[in-house]
Amino acid sequence: MSASAPIIKIDGISKSFGNFKVLDGLSMQVMPGEKLALIGPSGSGKTTILRILMTLERIDGGHIQIDGEQLYHIERNGQLLPADERHLTRMRQKIGMVFQLFNLFPHKCVMDNVTLAPMLTKGTPRATAEKRAMELLEMVGMADKAKNMPAQLSGGQKQRVAIARALALSPKIMLFDEVTSALDPELVEEVMNVMRKLAAETDMTMLLVTHEMGFAHDFADRVLFFDRGKIVEEGKPDEIFRHPKQERTQGFLKKIIAAGHRV
Amino acid sequence: MTQWSGYFGLILQGALVTIELTLMGSVLALFMAFVAGMGRLSRFFVLRALATAYIEFFRGTSIFVQLFWAYFVLPFIGISLTPLQAGVLALGLNVGAYAAEVVRGAIQSIGREQYEACTALNLGRWQGMRHIILPQALLVMLPTFGNNAIELLKATAVVSLISLADLTFQAQVVRAQTGNTMVPFATILVIYFILALLISWGVRSLERRMARGLDGVRV
């Protein structure tokens, strides 16, 4: 690990939904530029971590630092106070997210989906925003569909547009939440290819929650195996997938392989 | 025959008043619907309480009584309105209260994932509302807005009670002067119906235009 400071520092966070404790004192760190894969059974808290980082869920306790700054707190006179909306807005500029169900804006064409946020949140002039959008759409192979409406696209195409839309804000950290889970099998590959390219070409920090173990293996520098809100095991993809040490990791991988997923 | 055409002219004048009332009342109703409908979803208790009080009060009391208040009671506290102003006020506030619930329901019908996309793209509350939520919610509101507009059109008949010369008022004038009941009332029945049809068509074509592209059909 290099001497630089972690870009994400999660410190003892907990989160409950009703009586169900999803996260209980979880701590972890991510270094700048790291590509992380979060794997584990459903309900293990992987997606919740991403949603917390995107401020879609609030934490019940603990602290999170993004890029050296508190995410949910403001430091004032040496005291940590709950963050206000203004602070959250500033912190969100560092983070982008791609959703399982794309969440494109159905009433806006592909181009407008990508340019809307830069124009509104950063005041980017339309011409600049559109030029950048075309570059990004080119990268995800969707430039020829710029004028289409989302309803005219396949799931894989929608997801590639959603990736371009998140990238348009140039976040330092990208969160991918099961981005291929809702796709027909034959469309999974086109989205994974875009993400492989992205991982190889950018120094963005990326967190990926996935059930595609083969993809996690190719994509990640480090794999975290979650179970019941805790990190059971972590390591390089080869270590986790070829020589898992923990029984629970072995059991999980066995089940996944039995279910027909490739590793 | 010439006599009848004169009476028909009277009724047409009444139709113009009815149309005027309907248009102006609808504008006020639409304004109140958005203010109160969004007020009900506000983070601030005071705004929610005010919006709820307005909606419940104007839905819960009779349009007749509201009109009488606007025209006969308000002068006692120093506000004198012309019959037209009183009519627009009562109709707009009354129908606006119903339409406010339409606005609220439509906004709430937009899926959570759209709000989450707004957060992830760092749009402010108002930006997300203005560019993402409302344009989609508007499409949900439109059919019911059409209903509300037709209700408003039909409710305009009550203004004849404060001597505003609308369609119903003129029909009564014609009836009194000619002694014929059938013809004037049949005429205004048809005119109300045609006006309601126009509203239906207008709203439906607006709906079609706004829905373009949303269903995957080529634009």
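Which condition number does B:E116 fail, the rest of (1) crowded, with 16+ Cβ neighbours inside 10 Å; (2) at pLDDT below 95; (3) on the phi < 0 side of the Ramachandran plot being met?
(2)
With the requirement that a residue be touching a residue at least 40 places away in the same chain (Cβ under 8 Å), assigned to a helix (DSSP H, G or I) and under 15 Å from the mean Cα position of the chain (by Cα), what does the range A:174-197 give you?
Across the range A:174-197, the qualifying residue is only A:V194.
Among B:M210, B:M182, which is the only one that is closer than 24 Å to A:F105 by Cβ, modelled with pLDDT under 95 and either buried (at least 18 other Cβ atoms within 10 Å of the Cβ) or not basic (K, R) (or both)?
From the options B:M210, B:M182, the qualifying one is B:M210.
Can you tell me which residue in the range B:83-118 is nearest to the chain's Cα centre (by Cα), limited to those that are of a type in the set (S, T, N, Q) and away from chain A (no Cβ under 14 Å)?
Ranking the candidates gives B:N94 first.
From the list B:L121, B:L161, which residue is more than 12 Å from every other protein chain (Cβ to nearest Cβ) and either surrounded by fewer than 19 Cβ atoms within 10 Å (Cβ to Cβ) or modelled with pLDDT of 95 or more (or both)?
Checking each option against the conditions leaves just B:L161.
For the structure I just gave you, tell me whether A:L116 is hydrophobic (A, V, I, L, M, F, W, C), more than 13 Å from A:L207 (Cβ to Cβ), more than 18 Å from the chain's Cα centre (by Cα) and within 14 Å of chain B (Cβ to nearest Cβ).
So A:L116 fits the description; yes.
Is there a residue being over 25 Å from A:I256 (Cβ atoms), within 14 Å of chain B (Cβ to nearest Cβ), of a type in the set (S, T, N, Q) and assigned to a loop (DSSP other than H, G, I, E, B) anywhere in the range A:84-104?
Yes: one or more hits.
Being crowded, with 22+ Cβ neighbours inside 10 Å, away from chain B (no Cβ under 14 Å), among the β-branched types (V, I, T) and under 18 Å from B:E116 (Cα atoms) is the filter here; which residues of the range A:22-73 pass it?
Scanning the range A:22-73 gives a single hit, A:I49.
Does A:A146 qualify as being hydrophobic (A, V, I, L, M, F, W, C), farther than 14 Å from A:E34 by Cα and free of Cβ contacts under 8 Å to residues at least 40 places away in the same chain?
Considered against the rule, which asks whether it is hydrophobic (A, V, I, L, M, F, W, C), farther than 14 Å from A:E34 by Cα and free of Cβ contacts under 8 Å to residues at least 40 places away in the same chain, A:A146 comes out as yes.
Restricting to the range B:80-123, count the residues that are over 30 Å from A:P106 (Cβ atoms) and in a helix (DSSP H, G or I).
Count: 13.
The values are calculated or read from the model by the stated rules, or taken from the named source; none is laboratory data. Keep in mind it's a predicted model, so treat the numbers as computed, not measured. Using ideal geometry, Cβ is built from the backbone for each residue, glycine included, and neighbour counts are taken over all protein chains shown.
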